[in-house]
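Read the figures in this text as sums done on the coordinates, not as results from a lab. The structure presented is a predicted model; accordingly, all values stated were derived computationally and were not measured. Because the Cβ atoms are built from the backbone with ideal geometry, glycine has one as well, and the counts that use them run over all protein chains shown.
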Amino acid sequence: MMKKRILIEGNLHEVGYRPFLLGLAEALEIERLFADNIHIINGKQAVEVLIDADDDKVEALLNAIKERRPENARVDEVRVEDYRGHVMRTESYYRYLTAMQLAKIATYGGRMLDKQDMTLEKQDRMLEKQDRMLEKQDETLKEIRGVKEEVASISSKLDKTNELLESRFERLEQEIERVKRALIKAGIDIP
């Protein structure tokens, strides 16, 4: 039996690396394994893996870590050192990891709900602005209708004025014709 601490550096957080390691441990039938995200010097991402297993299983896990990874993960460096502490059973780690992932889901779900609430508030403000715009549009339409009625009234008055003027011009023309005839009858020459 061999106990090791494996420190893996790279892009390893939020990419499913720990569930990936758990899957490897299950496939290799490793009875004791623990893995956790840590930050090391200069803020680099790392995963610390503790393993207590037969030598061949430890070697198989190390080879898998070096050769395989989740799609969005990047492994920059793998360091291995002896370890003397306790390593939890793999099935206990499974429960621990599940609880941690559920907590993460709850956190992200809460953030999503907050963002959704913010989005709904923005939509409400936009709807209020649209309502105000529609009210202004209704006021504008009301004014346009009033102007249209005024224009119709003025147009009607203009039509009546035109009829009246035409009637007067016609009478004036008739009177001018009578005056011309009377002047001609009286012997006055009209050019």
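Which entry in [x] 1.13; [y] 2.91; [z] 1.45 is this structure's computed Cα Rg over 2.2 N^0.38 Å?
Computed from the coordinates, Cα Rg over 2.2 N^0.38 Å corresponds to [y].
Across the range 116-129, in residue order, what do the Karplus-derived ³J(HN,Hα) couplings come to in whole Hz, using 6.51 cos²θ - 1.76 cosθ + 1.60 with θ = phi - 60° and x for Gly and Pro?
3J(HN,Hα) across the range 116-129, in whole Hz: 5, 4, 4, 5, 5, 5, 4, 4, 4, 5, 5, 5, 4, 5.
If I model a spin label as a point 7 Å beyond the Cα along the Cα-Cβ vector, how far apart are those points for residue 149 and residue 11 in nm?
6.9 nm
Residues of the range 99-132 with amide nitrogen under 20 Å from the 7 Å Cα-to-Cβ point of residue 86?
Answer for this model: 99-100.
If the elastic network links every pair of Cα atoms under 10 Å, which of 162, 42, 63 fluctuates the most in the Gaussian network model of the chain?
The residue that fluctuates most here is 162.
List 6, 176 from most exposed to least, where exposure is judged by having the fewest other Cβ atoms within 10 Å.
Fewest to most other Cβ atoms nearby, the residues stand as 176, 6.
If N is the number of residues in the range 2-88, what value comes out of its Cα radius of gyration divided by 2.2 N^0.38 Å?
Ratio of Cα Rg to 2.2 N^0.38 Å: 1.00.
Which value in nm describes the separation of the simple spin-label points at residue 180 and residue 138, placed 7 Å from the Cα toward the beta carbon?
6.4 nm
State, to one decimal in nm, how far the label point of residue 72 lies from the label point of residue 120, with both points 7 Å from Cα in the Cβ direction.
Between residue 72 and residue 120, the simple spin-label model gives 2.7 nm.
So, in the range 90-165, how many Lys pairs have Cα atoms under 22 Å apart, if the pair is 8 or more places apart or on different chains? All intermediate terms of the calculation are to be shown ahead of the outcome.
Details: 104/115; 115/129; 122/136; 129/142; 136/148; 148/157; 148/160.
Eligible lysine pairs with Cα atoms under 22 Å apart amount to 7.
Full-extension gain between residue 173 and residue 128, please, as 0.36 nm times their residue separation minus the C-alpha to C-alpha distance.
So the chain would gain 9.6 nm between residue 173 and residue 128.
Restricting to DSSP H runs of at least four residues, report the calculated mean residue ellipticity at 222 nm for the chain, -39500 (n - 2.57) per run over all residues, nearest 500 deg cm²/dmol.
-23000 deg cm²/dmol
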